[in-house]
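What follows is a set of notes on a single structure, which appears directly below.
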Amino acid sequence: MLKRNTDCGVLRDTDSGRDVILNGWVHRWRDHGGVVFIDVRDRTGLVQIVFRPEEGTELHERAHKLRSEFAIAVRGEVQARSQETVNPNMDTGAIEVVVREMEVLNTCEPLPYQLHDSGDEIGEIHRLKYRYLDLRSESMQNNMRIRHQISTAIRNYLDQHGFWEIETPILTRSTPEGARDFLVPSRMHDQGFYALPQSPQLYKQLLMVGGTERYYQVARCFRDEDLRADRQPEFTQIDLEMSFVDETDVMSIADGFVRKVFREVGGFDVPDEFPRMTYDDAMEQFGTDAPDLRIPYRMWTVTDVFQASDFKVFRSVAEGGGAIKVLKVAGGATLSRKQIDD
């Protein structure tokens, strides 16, 4: 087998003249008047390879038989594309690889759908049925790459701040928490069951009492509960514990790894300090301890306005020591009742 010496997505015009071996999958196939152009894909990206008749009749004929998702290995020379054929939409669009040798590592039956179609066109049921193909798509590969980079950035940051990553058991005893447990029958204990952890709460407490001082875990959690927008039966959360600290230390560590992730993984320009507010201020202005500051509306206290109101519902609240708050909505006078309710 031709064993690759470089990845598809890393080649640039500075590699012109270099002899390379690529391994990957046929992404697209085009025949332009005898010259065969193929985009080869691996997890780093795409690169265009070229089969020219003058490079050998037998090789050119074999190139005509390639189809989508064939796994191939090729050897060839990196060449700069002419100015008019440069593809600005590809990272490798300034070069192409002229193939001198090829091996077909595996063939592929006709696909149920083309991988470069969007997920909306295919439909989720079809994507899940052919999950092994869906995982090859650019969007899914990008999701997995970003997830890996986020985990790596967080682990590096917490390691630099003295945290140990410690695994805790998955098979445990049932503990009273907020949701039902998933149970696993035990072969060794007749009529006995293990429970899957809703979170590593007990183990975190054991580690702290045991003198670990700084611990974290990218923990799998299992909760037999109804689906929510941010929750499913199996999910991952970052658990960390610190000893000999106050709330400022906890917030500083959390702020730090959020900044690191958004800067290193997302490339966002985030401030060196995030704004903070007290619980009382959050409840006073937003009515929740987790406000979404992208929404521009604040709550305003207007209790004094209704103390002498003829509207008994409001007056009784004001006289009873309660609070009456309003949202000042731009253009609110023109909104319908349904829009206001929404």
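The values are calculated or read from the model by the stated rules, or taken from the named source; none is laboratory data. Bear in mind that the values here come from a model prediction, so they are computed numbers and not experimental data. Reconstructed Cβ throughout: ideal geometry from the backbone, glycine too, with neighbour counts over all protein chains shown. Side chains are part of the model used for accessible areas, which takes the heavy atoms of the whole protein and leaves out ligands, DNA and RNA. Shrake-Rupley method; radii C 1.70, N 1.55, O 1.52, S 1.80 Å.
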note = Summing -39500 (n - 2.57) over every DSSP H run of at least 4 residues in the chain and dividing by its residue count gives a helix-only mean residue ellipticity at 222 nm, to the nearest 500 deg cm²/dmol, of -8000 deg cm²/dmol
request  = Take peptides 271-279, 190-198 and line them up by average Cβ neighbours within 10 Å, highest first, as a rough protection proxy.
outcome  = 190-198, 271-279
request  = Go through 297-306, 86-95 and give me the packing order, highest mean Cβ count within 10 Å leading.
outcome  = 86-95, 297-306
query = Between Thr303 and Asn89, what length in nm is gained on full extension when 0.36 nm per residue of separation is reduced by their alpha carbon distance?
reply = 71.2 nm
inquiry  = Quick check: pseudo-label points 7 Å beyond the Cα along Cα→Cβ at Trp29 and Asn5, how many nm apart are they?
reply    = 2.8 nm
note = So Asp280 and Phe37, fully extended at 0.36 nm per residue minus their Cα-Cα distance, gain in nm 81.1 nm
task = Just tell me which lysines come within less than 23 Å, Cα to Cα, of Lys3; anything on the same chain fewer than 8 places away is out.
result = Lys65
C-alpha center-to-center spacing [the stretch 31-61, the stretch 65-144] in angstrom = 12 Å
inquiry  = Filter the chain for me: DSSP H helices, axial length by Cα at least 20 angstrom, mean Kyte-Doolittle hydropathy not below -1.0. List them by residue number.
reply    = 247-264
inquiry  = Tell me the label only: which of [x] 76, 49, 36; [y] 94, 66, 42; [z] 59, 51, 39 is Cα extents along the principal axes in Å as calculated from this structure?
reply    = [y]
query = Round to a whole number: what % of the accessible area of the chain belongs to carbon and sulfur, probe 1.4 Å?
reply = 51 percent
query = Could you give the length gained on full extension between Asp159 and Asp341, defined as 0.36 nm per residue of separation minus the Cα-Cα distance, in nm?
reply = 60.7 nm
task = Hey, can you find the accessible area per residue of the chain for me, probe 1.4 Å, expressed in square angstrom?
result = 66 Å²
ask   = Percent relative contact order of the stretch 69-173, based on C-alpha pairs within less than 8 angstrom and at least six residues apart?
value = 21 percent
request  = Go ahead and run the numbers for FRET between Phe311 and Glu109, Cβ-Cβ distance against an R0 of 56 Å, rounding to 0.05.
outcome  = 0.20
query = How high is the relative contact order of the chain, in percent, counting Cα pairs under 8 Å that sit 6 or more residues apart?
reply = 9 percent
query = Counting pairs of alpha carbon atoms under 8 Å apart in space and at least six apart in sequence, what relative contact order in percent does the stretch 118-210 give?
reply = 17 percent
